[in-house]
1. Express as a percent, rounded to the nearest 5, the fraction of DSSP beta bridges in the stretch 79-238 (both residues included) that run antiparallel.
2. Output the Cα-based Rg and Dmax of the stretch 225-322 in Å, rounding Rg to one decimal and Dmax to a whole number.
3. May I have the extent of the alpha carbons of the stretch 199-276 along their three principal axes, as whole Å values ordered from largest to smallest?
4. R0 = 45 Å: FRET efficiency of residue 183 with residue 252, Cβ-based, nearest 0.05?
5. What is the distance, in nm, between label points placed 7 Å from the Cα along the Cα-to-Cβ direction at residue 315 and at residue 61?
6. Using Cβ contacts closer than 10 Å as the measure, can you line up 122, 255 from fewest to most?
7. If you count the DSSP beta bridges with both ends in the chain, what percent of them are antiparallel, to the nearest 5?
8. Set the Förster distance to 25 Å, then compute FRET efficiency between residue 307 and residue 96 from the Cβ-Cβ distance, nearest 0.05.
């Protein structure tokens, strides 16, 4: 028996999200804890999973706030490093009328980039059922080496590996470099969660199923591929099955921050319970339906990490819309 259901490695940062205007008409920003890997872990913790995080923040006001925040939501922070020299990474999240976002990063450098190979615990990864990662920990050489070490350890110790590319173009020297690193990540993963625009960018295929075929031809060891399609719902590709579930659209959507991470967490929760060897179409439909509902709920809240929905909230929504 392994101690942790899921361990994730990557960025933990402050998302400054727009929250109204001041009396002088200036935009007000709220400092929300964020970062895709910890958003995933926060939702998993809400679902009762034991989770741990590997990453680095600055030993500054925001870094201490972040450590407190992830501990508060049930994420083991014992492998979170604090950098005395480099400040915590910041992101300004600009929200459009439809709830979609644009990001401006203050990360040149940011503390999350400073994680080293030596700070990756083999003992922790060996004690984890699933290892989850994205590509923000692959944008620069030092933290990329830490990520590669973690992936090799996860393979060595038989952990399932989950990958969400979570492409953020402004953080890469070029999109060609980004593609190279995404393809490297695909060599390791058992579960891939990829968004509609990411799979089109990566494969050059406008049709999602053609894009999945492109990936499978090159990386046949990926057991489960999830395509999140925003307002069009989501799909699961597993063996010969393709399962699609419609979205739960909300009239009171504020922003989409964390929706993909919430979705991903619900998928990993299902994998924790059922494994990957014998999934059924009915099971995949159940998984996607719950994940879509949870993702829709997070769009009605500011930020993500601290305000993930509970299982009861998701089940209530499913019952109301049945």
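What follows is calculated from the coordinates using simple rules that are stated; it is not laboratory data. Not measured: the values here are computed from a predicted model. So basically every Cβ, Gly included, is an ideal-geometry build from the backbone, and we count neighbours across all protein chains shown.
1. Numbers: 11 of 22 bridges.
Around 50 percent antiparallel, to the nearest 5.
2. 12.9, 39
3. Cα extents, longest axis first: 41, 33, 19 Å.
4. Working: r = 39 Å, r/R0 = 0.86.
Here the calculated transfer efficiency is 0.70.
5. 4.2
6. On the way: 122 13, 255 24.
Fewest to most other Cβ atoms nearby, the residues stand as 122, 255.
7. Values: 23 of 52 bridges.
So the antiparallel bridges in the chain amount to around 45 percent.
8. Values: r = 20 Å, r/R0 = 0.82.
For residue 307 and residue 96, the calculated efficiency is 0.75.
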